[in-house]
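> This structure is in structure tokens; I'll ask about it shortly.
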Amino acid sequence: MTPVGVLGILVLLLAVYCATDPFKHSGIYEFTDFVAYKVDMPPWGLVPTLRDDENLLEKSEIKFMNEVQGPESIAFDPLGSGPYTGVADGRIVFWDGQRWNDFAHTSSNRSELCDPKPSPLSYLPNEHICGRPLGLRFHKKTGDLYIADAYFGLMKVGPEGGLATSLVTEADGVPLRFTNDLDIDDEGDIYFTDSSTKYQRRNFMLLIFSCENSGRLMKHNPHTKETTVLMKNLQFPNGVSLSKDGSFLVVCEACSGRLLKYWLKGEKSGTSEVFAILPGFPDNVRSNKNGEFWVAIHSRRSMYSHILGLHPKLRTFILKLPIPADVQRLLHMRGKPLGQAVKYGPDGKLLLVLEDSQGKVVRAVSEVDERDGKLWLGSVLMPFIAVYDLD
Ligand SMILES: *[C@@H]1O[C@H](CO)[C@@H](O)[C@H](O)[C@H]1NC(C)=O
């Protein structure tokens, strides 16, 4: 029996004795309005079984150790300089070939609260003050950097950097609460996701546990300044990427572990469908020059997460046990780290799985950027960027 299996049995034994939470230890104790939603999990038999038995991601080079904390998204400017990345203290930093420099920030109210801390997670309590830039993309023509900041919404900063300006903080009268990722089309329209209108990023575990369905995909037209909701009722939408021909968007839905396709052109325009069922739960998606999609997987599926996804009452019951949220999270993640990058064709076909199945070198991946035969791997949880050579 695996350690996770043993833990599972311990959990059930505890359940017999602890129907309540006398010591207020449960992961959701403070959140009295917590509601678990049923997740539209794909049939277990349709989950891809392709694996990377060689654990190729273990061959990655770890760069910038302890120089960047929690670099979720990675971008290069239109001249090819960089990378630029958003870090846990709310800054966007830029590698000039020699060292990291401050480039931009999203909060106008930075203070000593945003000073260096030991780990990416130790910034969580002050993220709403310091800002947390997640998705980053450069506009190829103007050189402006567009930013999805988890707390301040959709923002933009010029090629000189500095304090970013706010573009969108609400849509259809509902404030953005956990803006996550974006992409920009040739006309300059911006497509972006807001993961939840209920939970902020500093409570992301609550969103993972609840899988409430207030997540949205939106479009912002910078000329008319109009923001349109394209998809709603999503369960933790995360990364978003345009197809190479601009005819559709691919959106990562983290709770269900799938890619959704939203048609922008053609007779299906304005409709959506499932693009692919992922081997695990995704973070960001980025396309390469062939129009293929790299998806960062932050945790593998397990029968445990599958059953709990389908049965919200059981999930609530387990969450109400006197077990700290961190342990609940480990159960959800099968008790061990995972580095995984999966590649899909423009038709939604799974092409390649690269992994570090024990998280020995690449302990977690948030984004996969292919550039000149290399994969740049960002991670919201790690103090480094990993680079994997595809050749
Ligand atoms: C600015 O930051 C301080 C803490 O440094 C915080 O108490 C205050 O609420 C913040 N103000 C705004 C407008 O966010």
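We did not get these values from a lab; they are worked out from the coordinates using the rules stated. Predicted, not measured: the structure shown is a model, and the values here were computed from it. Reconstructed Cβ throughout: ideal geometry from the backbone, glycine too, with neighbour counts over all protein chains shown.
> Identify all lysines with a Cα-Cα distance to Lys63 below 27 Å; exclude those on the same chain that are fewer than 8 residues away in sequence.
List returned: Lys117, Lys140, Lys289, Lys336, Lys343, Lys360, Lys374.
> Could you work out the helix-only [θ] at 222 nm for the chain, with each DSSP H run of four or more residues adding -39,500 (n - 2.57) and the total divided by the number of residues, to the nearest 500 deg cm²/dmol?
The per-residue figure over the chain is -3500 deg cm²/dmol.
> Extending each Cα 7 Å along its Cβ direction at Lys38 and Asp115, get the distance between those two points in nm, one decimal.
The modelled label-to-label distance comes out at 5.2 nm.
> Let me ask something additional. Using 0.36 nm per residue of separation minus the Cα-Cα distance, give me the extension gain between Asp102 and Ile129 in nm, one decimal.
Here the segment from Asp102 to Ile129 would lengthen by 7.9 nm.
> Considering the chain as a Gaussian network with a 10 Å cut-off on Cα pairs, which listed residue, Cys211, Cys252, Cys114, attains the greatest mean-square fluctuation?
Looking only at Cys211, Cys252, Cys114, the biggest GNM fluctuation is shown by Cys114.
> State the Cα centre-to-centre distance between the range 136-184 and the range 41-61 in whole Å.
32 Å
> A follow-up question, please. In Å and from the alpha-carbon atoms only, list the Rg and Dmax of the chain.
Values for the chain (Cα only, Rg and Dmax): 20.0, 63 Å.
> Post the alpha-carbon centroid distance, the range 223-262 to the range 346-372, in whole angstrom.
Value for the Cα centre distance between the two parts: 20 Å.
> Another one. How long is the gain from Asp245 to Thr142 if the chain were fully straight, where each residue apart is worth 0.36 nm and the alpha carbon distance is subtracted?
Extra length from Asp245 to Thr142 when fully extended: 35.1 nm.
> Answer with one residue from Phe34, Pro118, Ile318: the one whose Cα lies farthest towards the positive end of the charge dipole of the chain, charges on Cβ with Lys, Arg +1 and Asp, Glu -1.
The one lying farthest along the dipole's positive direction is Ile318.
> Continuing with this model, one more query. Normalise the Cα radius of gyration of the range 278-372 by 2.2 N^0.38 Å (N = residues in it) and let me know the number.
That works out to 1.25 for the range 278-372.
> May I pose another question? Taking the alpha-carbon distance from Lys59 and a cut-off under 17 Å, which aspartates and glutamates remain once sequence neighbours fewer than 8 residues away in the same chain are dropped?
Glu355, Asp356, Asp369, Glu370, Asp389, Asp391
> Hey, quick one: spin label on Leu46, modelled 7 Å out along Cα-Cβ, who in the range 243-283 has an amide N within reach, i.e. under 15 Å?
253, 256-261, 272-280
> Among the lysines, select those whose C-alpha is under 22 Å from the C-alpha of Lys232, and discard any that sit fewer than 8 residues away in the same chain.
Within reach: Lys38, Lys198, Lys219, Lys261, Lys265, Lys268.
> If you count, for each residue, the other Cβ atoms within 10 Å and average over each peptide, how do 65-75, 170-180 line up from highest to lowest?
My ranking of the peptides, most packed first, is 65-75, 170-180.
> Leu352 label point, 7 Å along Cα→Cβ, cut-off 18 Å on backbone N: hits in the range 229-266?
244
> What translational diffusion coefficient, in µm²/s and rounded to a whole number, does the Stokes-Einstein relation yield for the range 157-197 at 37 °C and a viscosity of 0.692 mPa s, taking the hydrodynamic radius as the Kirkwood radius over Cα pairs?
Stokes-Einstein gives a translational diffusion coefficient of 278 µm²/s.
> Work out how much length Lys336 to Asp185 would gain on full extension: take 0.36 nm times their residue separation and subtract the Cα-Cα distance, in nm to one decimal.
That works out to 50.6 nm of additional length.
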